[in-house]
Amino acid sequence: MVFETVGVVGLGTMGAGIAEVFARAGIRVVGVEADQEALDRGLGHLEASTGRALEKGRLSAGEREEILSRVTLTTSRDDLRDADLVVEAIPEVMEYKVALFTDLDRICKPSAVLATNTSSLQVTALAAATGRPGRVVGMHFFNPAPVMGLVEVVGTVVTEPGVVTSVSDLAVRLGKTPVAVGDRAGFVVNRLLLPYLNHAVTLLDHGVAARDDIDNAMRLGVGLPMGPFSLLDLIGLDTSYEIMGVLFEESRSERHVPSPLLRSYVAAGWLGRKSGRGFYGESAAESTPEKAAASTVRVEGSQELAATLAAAGFKDSAEPDVVLRVGEAALGERVVQVRVTGKVAELSGSVLTSRQAVLCARDLLRVAGYTPVPCRRSVIDALLYAHLNDAVHMYSSGYASIADIDAAMRLGCGYPQGPFELMESIGLAKVRDGLRALYAEHLSPSFAPAPLLDQLVTAGLDAFPRA
Ligand code: CAA
């Protein structure tokens, strides 16, 4: 299959990004929008994105002109008649998409492949709406499309042999890494990513920690490129909520119940970047560095933390202002439990701990160079371990290989390591034990260690089986 001319229908953020990716790879693009106003907005996205690359010196003015000249913009779908492939990126409403695919089926030549960039709808249902179900696939890009290196290529039970391979080869030509998967709700990335993001909203809703603290914990503690709330704002809260709904519809799992707080934000019209406000949006107040209110501190359970605080000028005393306790919990008015992950220090008080002690702990940890994350219990453990556990379940279900899941999360979401690589770095036993502790506390199936993880640890292994 040769793809020389590609149509992109819908030039919102994703569609315009996809059009840019094709044009950059030397492919002619016909970009279609419903009316002139939407078309102008689409052109605006293309100009802004390539303009930014020009400013950063990643494109020359000539290259930028060439890229833009490969894109023809039109409001007429009939202009897609010569396209070898059409990628659809219109709003996620099944009726609109079915109507579009019926239309494309009529307009496009019989050999053309029709692809959807849907993140939540069933590709098989769209295929079945056409007279060429064997040539309909999912081609799922990630936001921002010009940057993220992954394309999920979704084949269905009716896809003709060779179509998924041809579209995957095309993704390689675009400079992306394809991961070929079957038509299951959320595919690989959204099925893993969205429950984790939704879980972060639940922690916020339950007052476990504040928005910025949760974001800091995952970004600075785990090393993810964005915290869950910044990422929800990027993806769009409406899109995220829809994806959760589709996951729940298919799995009926507790893990996939959409957060009521997310639903409220969507109902309020707070959709993230696209509407100007989501979890972020109000201009953040400038935070002035706070001075530590504590001058004496005792650290119990970590010589490393004790040394860092001593180096930052804090002294031990018989009656310290605050006791930082690492490891085994202890109770006391001035005792604050601390867990250090990278440069993040999660801290929580017990029922006996005074608010003053928690505030002292927060301020002195900040002065000592940590990012303090006050929380009722560890945000990192709850969010990360449940997320990693989901990846083990996915592999065990036979949906995707370990290599594909790792590649998908690295390239689709910019993770420094895929979930299996991450579990191996942390230690499988630590992850399993962390899950067991969470399960004992919450009795939620999300935290019950996946049988494969449990068995590997029981067998004394510290790596996952790879083919
Ligand atoms: N368009 C084009 N280029 C962009 C861009 C955009 N919207 N945003 C960033 N870039 C480019 C920048 O120009 C820059 O390029 P150079 O390094 O060559 O100069 C590069 O990307 C990095 O950008 P920044 O330095 O401005 O910002 P950053 O280092 O903070 O990275 C990020 C930004 C790439 C978005 C990074 O934060 C990241 O990887 N975040 C995770 C995003 C993610 O998870 N996406 C998937 C969401 S799920 C999804 O999309 C699927 C779905 O169906 C919902």
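Per-structure values
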| read-out | value |
| --- | --- |
| Protection proxy ranking, peptides 59-71, 416-428, average beta carbon neighbours within 10 Å, highest first | 416-428, 59-71 |
| Cβ-Cβ FRET estimate between Glu319 and Ala267, R0 fixed at 45 Å, reported to 0.05 | 0.30 |
| Net +/- balance of residues flanking Phe229 in space, Cβ distance below 9 Å, scoring K and R +1, D and E -1 | -2 |
| 3J(HN,Hα) from dihedral phi, region 91-107, Karplus parametrisation 6.51/-1.76/1.60, rounded to Hz, x for glycine, proline | x, 7, 10, 3, 4, 4, 6, 4, 4, 5, 5, 4, 5, 4, 4, 6, 7 |
| Relative contact order (percent, whole number), region 183-238, Cα cutoff 8 Å, 6+ residue spacing | 26 percent |
| Cα-centred dipole magnitude for region 192-267, charges only on beta-carbon of K, R (+1) and D, E (-1), debye, nearest 20 | 120 debye |
| For the chain: relative contact order, % (alpha-carbon pairs under 8 angstrom, 6 or more apart) | 11 percent |
| Check: region 297-374 dipole with +1 on Lys, Arg Cβ and -1 on Asp, Glu Cβ, in debye | 220 debye |
| Met218, Met1, reordered so the largest accessible area comes first (probe 1.4 Å) | Met1, Met218 |
| Solvent-accessible area per residue for the chain (1.4 angstrom probe, square angstrom) | 43 Å² |
| Nearest 10 degrees, 0 to 90: helix 355-367 Cα axis against the chain principal axis | 70 degrees |
| Cα-derived Rg over Rh, computed across region 192-267 with Rh taken as Kirkwood radius | 0.96 |
| Pairs of lysine residues in the chain - Cα separation under 20 Å, sequence separation of 8 or more or cross-chain | 4 |
| 11 Å reach of a label modelled at Asp462, 7 Å along Cα-to-Cβ, counting backbone N of region 423-443 | 424-430 |
| Student exercise, the chain dipole from Lys, Arg, Asp, Glu Cβ charges, in Debye to nearest 20 | 480 debye |
| Residue-averaged 222 nm ellipticity for the chain, from DSSP H runs of 4+ at -39500 (n - 2.57), nearest 500 | -13000 deg cm²/dmol |
| Listed residue (Met1, Ala306, Gly460) projecting farthest to the positive dipole end of the chain, Cβ model | Ala306 |
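The values are calculated or read from the model by the stated rules, or taken from the named source; none is laboratory data. Since this is a predicted model, take the numbers as computed values, not measurements. Cβ coordinates were reconstructed from backbone atoms using ideal geometry, including for glycine residues, and neighbour counts include every protein chain displayed. Just the protein is used for accessible areas: all its heavy atoms, side chains included, with ligands, DNA and RNA removed. Shrake-Rupley method; radii C 1.70, N 1.55, O 1.52, S 1.80 Å.
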